[in-house]
Structure formats: C-alpha cells, structure tokens
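Readers should treat all values here as calculations from the given coordinates under stated rules, not as data from a laboratory. The shown structure was predicted, so the numbers you read here are calculated from the model rather than taken from an experiment.
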Amino acid sequence: MFRRMVKSLSILLAFAAWQAWAMDRVVGANASLDIHAGARSASLGGASLAVDHDLLELTSNPQQLANVENSWVAFSHVAYYEDTRYDYGAVQFPLGELGGLGIAFSRFGADDIPWIAEGDPLPEGSDYRTLSIADYVFTLAWGRRFLDDRLDVGVSFHGLYRELDQTGWGFRGDIGANYHVHPQFTVSTFLKGWTSSATTWEEGTFEYSSPEWYLALHFEQPISYFYGKLGAYWQSAGILHRENRDEDWDGEPRGGRFWEHPGDWFGGGRAGVEFAFDFGLSLRAGLASLSEMESWTAGAGIALSNWLRVDYAFESHPTLSAVHRVSLEFSPGLFLFPKKKSEPKPSAMQSQAMEKSEEAEEKSAVSEMEPTSEETLDEDSSGGIYWEE
C-alpha cells in the first residue's frame with residue numbers, strides 16, 4: 001500500500017512539473033483579480049493594502065478579516081468606457097477567537113457586442129447578432145490575529161472563469177499581514193500569487209504569472225480641533241518583478257525592480273489621505289501613481305448609521321475616460337441588534353494606551369483633591385482632621 005502511494009505521488013509530481021514546464025510565463029495572468037472594487041480604496045489612489053475595514057477589497061486585503069466583530073455585506077458597481085462594467089459583492093462572518101471568514105463574487109465584462117461573421121454583409125440598423133465577454137471570480141478568504149493582537153494574518157484563494165472567444169479557467173492564492181507597530185501606525189505586506197497565478201485555455205494553452213510582493217504603510221492621527229482623525233496611506237509597486245511598469249501612462253520608458261531603479265519603483269507606488277469626521281463624513285484624495293499627477297483620485301463616504309455606509313470615488317486618467325465608482329456596505333447583525341457596538345475590538349496596544357490614559361486622569365484628579373503642605377499644617381495645628389500620604 002505504501003509503495004502504491006509513493007508511486008502515485010511521484011506520478012502526480014511529475015505531471016505537475018510537466019505542466020509547469022509547458023506553461024507560458026506572462027504578465028498579468030488573471031488580471032481581473034487586480035481590479036479595485038471598493039470606492040473607499042479607489043479614492044485613496046488604490047492603496048487598498050494599507051486600508052483596513054474595506055470589505056470590497058477582500059481580493060487584495062484578506063488580513064482585514066482578522067478583527068471581525070459583526071457580519072457585513074458589501075456591493076460595488078463600476079461603469080467603465082465602452083459599456084464595460086464591473087460588479088462586486090462580498091460578505092464577512094465573525095468566527096470568534098478563530099478570526100473571520102469572507103466570501104466574494106465578481107463579474108467584469110461587456111454585453112451586447114455586435115458579432116458579424118467574416119464575409120457577411122454589414123447589417124442595417126440593429127439587425128445583428130450579439131455576444132458577451134466576461135470574467136467571473138469567486139474568492140474565499142480567512143483572517144486571524146496573533147502575537148497579542150499585534151499581528152493580523154489573512155489567506156485567500158481565487159477561482160476565475162473566463163468567457164471570451166474561448167473559455168478559460170484561472171486560479172491564484174494570496175497571503176497578507178498587518179503588524180501594528182503602534183496604535184496609530186501599521187505596516188502591511190502582501191504576497192500576491194504565492195501559488196503562482198495560472199490560467200488554462202480551451203485550446204490547451206497554459207499561462208502563469210510569478211508571485212509578486214508589496215509593502216504598505218498606514219498612519220492615523222486624531223485631530224480634536226476639527227472633530228475627526230487624519231489617515232495617510234501608502235502602497236508600494238511590486239518589489240520582485242516589472243509587472244506592467246516597463247512604460248508609464250504616457251508611454252515613456254521606465255525602470256523596473258526596486259534594486260535596479262529605486263526612484264522609479266517609488267514613483268510607481270500609490271498614496272492617499274483621508275479625513276474622517278466624528279459625525280460620519282469622510283473626505284478622501286490620492287494618486288494611483290506617485291509619478292503621474294494625472295492619476296489623481298478623490299471621493300467621499302458617509303456612515304448613515306452604524307449599520308449602513310455609502311462611498312463614492314472619482315478616478316481620472318490621462319488618456320482614457322474618468323471612472324465613477326459607488327459602493328454600499330450593510331450590516332444585518334447591527335441592523336437587527338442596534339445596541340451592539342459597531343466599533344472594532346481594540347488591540348492589546350490600544351487597550352494599554354487607554355488604560356494608561358485613564359490612570360493618568362485618575363492621578364490628575366487625586367492630585368487636585370490633595371491639599372498643599374500649608375493647608376496640612378493649618379489643619380494639623382488646629383487639631384482638626386489632617387491628611388496622610
């Protein structure tokens with residue numbers, strides 16, 4: 001029995017090695033997985049890795065599920081140029097001490113495309129056949145906190161079905177992490193396609209893209225004078241490979257990897273700023289590419305209640321039409337049980353900071369109540385009640 005198992009495993013490994021050798025290495029296999037769905041992240045220049053609590057970016061930020069307190073459902077709709085549309089839906093479930101589970105489904109494609117066979121005369125009016133092209137993506141993700149609530153880890157798997165002139169199937173696995181250096185400062189990392197991003201076509205062609213690695217930073221500072229807090233977000237370009245950055249948006253040649261051209265690599269990153277008012281309004285702006293001012297983004301969001309949020313994003317482009325993006329997030333649990341708090345559970349560092357602040361306030365209150373030395377002497381000499389330290 002053991003020999004049969006070893007023989008079967010050897011055959012499977014040999015077949016997998018042959019398949020990997022037969023694949024064609026490309027840039028952007030399963031590129032539909034890289035589209036930003038959430039309006040909040042899109043308005044921040046697409047720095048989704050640094051943005052926490054954006055369920056519509058589950059594809060590129062699975063570690064946000066590590067701190068799930070309530071169930072949420074989110075939807076997003078984007079209308080691109082030439083009637084191309086992108087629709088995305090996601091849901092998250094709290095798992096208690098085991099973290100959180102997320103499921104997402106999306107469709108990116110176009111409908112009612114005229115189809116005329118070669119040699120056929122051009123039809124008159126709308127008397128012609130049409131076809132549709134689309135990518136369908138299914139995502140399953142899980143996240144959990146470790147190391148005394150300092151480390152958030154998330155893992156996600158994506159399956160893709162492509163419907164073009166021929167059908168195709170794709171697969172990718174990702175892993176991400178957040179490390180809370182300080183209650184106001186977080187460092188994030190994301191390894192995209194650690195399983196490699198592979199696609200197979202109906203005609204028998206195999207394609208794959210190698211793994212890619214990203215870094216991100218998030219800093220948050222409360223500003224009580226303006227009744228809110230300011231957040232700054234930054235996400236790097238790919239560290240390991242050139243991706244699609246051999247040319248910038250204007251067609252000019254650029255450098256590639258971090259160790260080859262650090263300046264160009266930094267310019268290919270994304271960044272954004274957000275100010276969230278205490279009454280629920282958020283204003284945002286960003287750059288989808290730090291080297292291209294034409295890539296500016298802007299947007300706003302409003303929390304209508306603790307169970308309903310609406311976001312809008314505007315994305316400019318130097319050559320293509322601007323993109324408008326709208327997203328909606330809804331919590332059935334908070335709607336049915338409105339008394340339950342919607343704020344995420346504070347981390348260990350945040351709890352320690354709150355405890356220290358409370359202790360400082362208590363000491364300050366006690367010091368105000370304690371009498372001075374002169375007051376103590378007067379009360380002591382008069383034979384009244386005196387204070388002891």
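A few remarks follow.
- Residue-span extension gain [Phe138 to Glu294] - 0.36 nm each, minus C-alpha spacing: 52.9 nm
- Part-to-part distance (alpha-carbon centres) for segment 57-129 and segment 281-333, which is given in Å: 17 Å
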